[in-house]
Every structure is written in structure tokens, then in C-alpha cells.
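Take a look at the structure below.
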């Protein structure tokens, strides 16, 4: 089975979404680490 | 709507607060790692990839993320709100938390369901967790290194479970020994308490789990095509199998149900455990960002790491068709049959096997201690037991009940517990807590609670999602589950005749546990009234 463009897009969206959210919470956690 | 809920910040049982100096988390990092450890479990590495490939591949992520946003994350916040507020009132378990939300005699009994679910799931979960501990040692010692095919490895697992006397294990004694060790570790951690036990475990186990998973994922990506004569068997075929979308499957209700079910399992919501963890926060400590961080960390482990190990490896070594059959055979087959064979074929396979089962054990134990803590908190705070006695009593109950799981394994005893407590019960409990917080206590006050000391401002859309969409989603989910699965399972449809007595014994045990917990709740409240 070949990885299709659709597969690549879904894979990228899923990982991209998770990485984006991880980055967001990490930045917020660092900014508010004293609380 | 405020149906008699007590005003915010009042009516804390001051006597109890005086009696018990509340435990606290030592750091926010420790709390987030412990809460993420609670959420990250065996399901992240074994169940998610199986669900994804069986329900539309990449397209599965559409219902999955929908359920995460409309169900998972709102429920996470709902549980953190209930938990931190409960802690302020002097309660670290759901009977007291619910009684503080809704001044009605029935509230504490609804909360008792949280104790029942976490206890029941813990009883069979620790057994599977002990397999991971045993297999990590077997891997290191090369105990299964001579086994080269799926049938033989399956026989090895069945022999370990005491179901195949002709295998290397004549009896279930080895599995029993590892179970005892696992139980001892669990209860020793629970005995040490929140900051010195659970938090310390999370601070050690979660980074190790993360490290082990990253090493394995890197190894998977560098596997390529293990046998060049079979070019269709490659990790990229595995990723294609996992991520190529099959949109036609999105028309099936079962796919949306599977996605919602997976979100429940993976976040460990609807079990009464997150509320307990949140109760050890101070009133001014953030829950909005902590809840979101817990969900995000869990999703990272599931979608990025968990999805990139078992399925691509199985496809690379056994091909698509065999992997589909393995996945259909059950989630444990993938982890405990397929993966060990792969490790026997790889250089440094012993070490990789130890890492794989080590990470499963860490994923398991950080979840199982979370299941034990609500019971310990209840016995201490509501029943007045010392921590030592509470831990001993819980250990005795779990030890007694797990005997059935061990000796009746293979007869579906654990399947009954997994469906009624570990699947259906979670959705029922989630619906109850959502209605109690967002409708009885009131969404405006819940929203205010969520933002007290918050490090982020949650988009206001979630206020309406929590009030309308989440309970609506849960009601729909429960209605379809009841018709499609619960009723046939209640009637034991499709269950082999020889398993029927064991299934009924499993139901009997669950009813006994529920009755015991309800009686303990009634006794605790009577004791409080008399005091």
C-alpha cells in the first residue's frame, strides 16, 4: 500500500495540530510558571 | 439553573479540614505529569492504532478530533472544576464532591459510582499491567527469543496466562508472582501519598516513558523494508494503512462511536480519578491551562508516538492482511504477540523489547495508582481511616477480587468488567457529572470556577459546548451504545455457552462491589451526621 496525498495531508494535519497545541501550552506554561 | 446547590465557597466541612491536613502537589509540573500519567495508559499504544486502522484510517481523525473538542477537553475541564472545588470543601472523592455540588441525599450515591468505576477498572487493569512488567524482564533475558511465528508466540502468551499447559509455563504461577509484585508497587506508591508517592512516580515514569517511546519511534522510522524481497512490507505501507483516509467509512455511526469511545478511554475521563487529582490543588491554582496541558500531552503520546510504533512495525514484518487479522484478534495481540516476534528479529531486540514493555508498564502504573487514589481518599476523609489502614483495606479488596480475573482469564470474566465499568459506565458517569455541574450547579458559576486563578482564558464557545453539546453528545452516545451494544451484551448474545457462568460471576462481583461502596457511603454520611 502506497501512502497517498490524502494520507500525507491527514498525517500532517493530525501531527501539525498536536505540535501546534503542544507548543501553545508549553509557551503558556513557561510564561505562567510562577503561578 | 441552581437547584439548591450551596453558595460558592461556603459549607466546607470545617471539622474535616481540621482533622486532615490536606495533601498538596509539590509542583505544577508534577501535577501535570501525574494527570497526564493518569490519562496516558495502555490504550494510547495499543488501542488507538487498532481503532484508527479499523475505522477509516486518516479519516478517523475527523470524528476523533470532533469528539476530543466537543467531549474530551470539556469533560477534562468539568472534572478539574469539580475536583478543585471538592478539595476546597474538604472532599477528594466524588461522593463528597457531588454532595457539595447538589444538596440532595441522592448526590453522594451518584458520586459513589466514581469510586465503583475506578475500583472495578483497577482490578483487571493491574493484571494486564503486570504482564508488561513480566514481558519487559522476559525481553531483557531473551526468554522468548527462539519463537518465530505468531501461533507460537500466541501460545507463549496463553501459557503465561495459564491457558496452555503445554507451553513454557506449566501453570499461572509466574503471572501470579508478577501480579503480586505489581500490586505491591502500586500500593507502596499509594501509601507514600500524593507528593512523595504519585507525584514522584510521575516525575520518574513519564520522562522515561517518553524517552522509551521516542527511541522506539526513531527505530521504526529507520526500519524501512526489513525484507527487500517483499517490498510491499515496509513501515511506509504501515503508515499508509494508518493514515490514508477512507471517507466512505465516515457514513457509519459505528466510526463516530468508536472515536468518541477512544477519546473517553484515552483521557481517562468519566472515572472519578482526575477529580481526585484536582482536589489537591489550592483554590487559586490554575486548572484551565493544566487541564488543557494534560489533554495535549496525552494526545501527543497517542497520535504522534503511539500511532507510530505497533501498526507500522506489524505491517513491515507481517504484511497488511496479517496485521488486520491481528488487530481484529484484540488489542493485546498486537502488543504481546506481534511486537515480541519483531524484537526477536531485530538487532538489540532484547533492549527494544524491554523499552516497549517498560513503557507499557509505566503507562499502566501511572494510571492504576490514579484509580486507587479516589478510594484511599474516600476511606481517609469520609470514613476516618488512617492512610495505612485505607491502603491495606483497598489492597485486600483488590487482591481478593483479582483472583477471579487471574483464574477465570479466558472465560470473558474481565470482558464483562471492561464493558460495564470500563466503557459504558464511564459515559454514564460523565453524563451525570456534566449535568450536575453545568445544569444543577450552573454553567455561569462553573465558568467562574474554571477561570479562578486561570493562566489562560478559555474561548467562550466552550461555555455553551459544556452546557449543551457535551451532554447532548453523551446522551446520543449512550442511546446508541445501549441499543447496539449494551442490550445484546446484557443478554449475553454471542457469548460461548461455557463462558456464561463466568460472565454471571463477573456481574455478581461488580454488584457486590457496588453494594459495598454504596453501604460505605451511607455509613460515612451517617457517621458524619452523628458526629
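The values are calculated or read from the model by the stated rules, or taken from the named source; none is laboratory data. Computed from a predicted model, the values in this text were never measured in an experiment. With ideal geometry, Cβ positions are generated from the backbone for all residues, glycine too; neighbour counts draw on all protein chains shown.
Got at least one residue in segment B:432-440 being modelled with pLDDT of 95 or more, surrounded by fewer than 19 Cβ atoms within 10 Å (Cβ to Cβ) and closer than 25 Å to residue B:191 by Cβ?
Scanning segment B:432-440 turns up no residue that is modelled with pLDDT of 95 or more, surrounded by fewer than 19 Cβ atoms within 10 Å (Cβ to Cβ) and closer than 25 Å to residue B:191 by Cβ.
Output the number of the condition that residue B:93 fails; it satisfies all remaining conditions of (1) farther than 24 Å from residue B:464 by Cα; (2) within 14 Å of another protein chain (Cβ to nearest Cβ); (3) under 19 Å from the mean Cα position of the chain (by Cα).
Unmet for residue B:93, out of (1) farther than 24 Å from residue B:464 by Cα; (2) within 14 Å of another protein chain (Cβ to nearest Cβ); (3) under 19 Å from the mean Cα position of the chain (by Cα): (2).
Could you check how many residues of segment B:259-290 are over 16 Å from the mean Cα position of the chain (by Cα) and more than 10 Å from every other protein chain (Cβ to nearest Cβ)?
Total satisfying the criteria: 7.
Would you mind stating whether residue B:459 is without any contact (Cβ under 8 Å) to a residue 60 or more places away in the chain, surrounded by fewer than 17 Cβ atoms within 10 Å (Cβ to Cβ) and either assigned to a loop (DSSP other than H, G, I, E, B) or under 24 Å from the mean Cα position of the chain (by Cα) (or both)?
yes
Can you pull out every residue in segment B:141-180 that is surrounded by fewer than 17 Cβ atoms within 10 Å (Cβ to Cβ) and within 29 Å of residue B:315 (Cα to Cα)?
B:141, B:142, B:145, B:146, B:148, B:149, B:151, B:152, B:163, B:168
Within segment B:22-41, which residues are within 30 Å of residue A:8 (Cα to Cα) and either within 13 Å of chain A (Cβ to nearest Cβ) or surrounded by fewer than 24 Cβ atoms within 10 Å (Cβ to Cβ) (or both)?
B:36
Among residues belonging to segment A:18-35 that are surrounded by fewer than 17 Cβ atoms within 10 Å (Cβ to Cβ) and at the interface with chain B (Cβ under 7 Å from one of its Cβ atoms), point out the one that is modelled with the highest pLDDT.
A:22
Is it true that some residue in segment B:406-414 is within 22 Å of residue B:518 (Cα to Cα) and either at pLDDT below 95 or part of a helix (DSSP H, G or I) (or both)?
Initial filter on segment B:406-414 (within 22 Å of residue B:518 (Cα to Cα)): none.
The answer is no, given that none of the residues of segment B:406-414 is within 22 Å of residue B:518 (Cα to Cα) and either at pLDDT below 95 or part of a helix (DSSP H, G or I) (or both).
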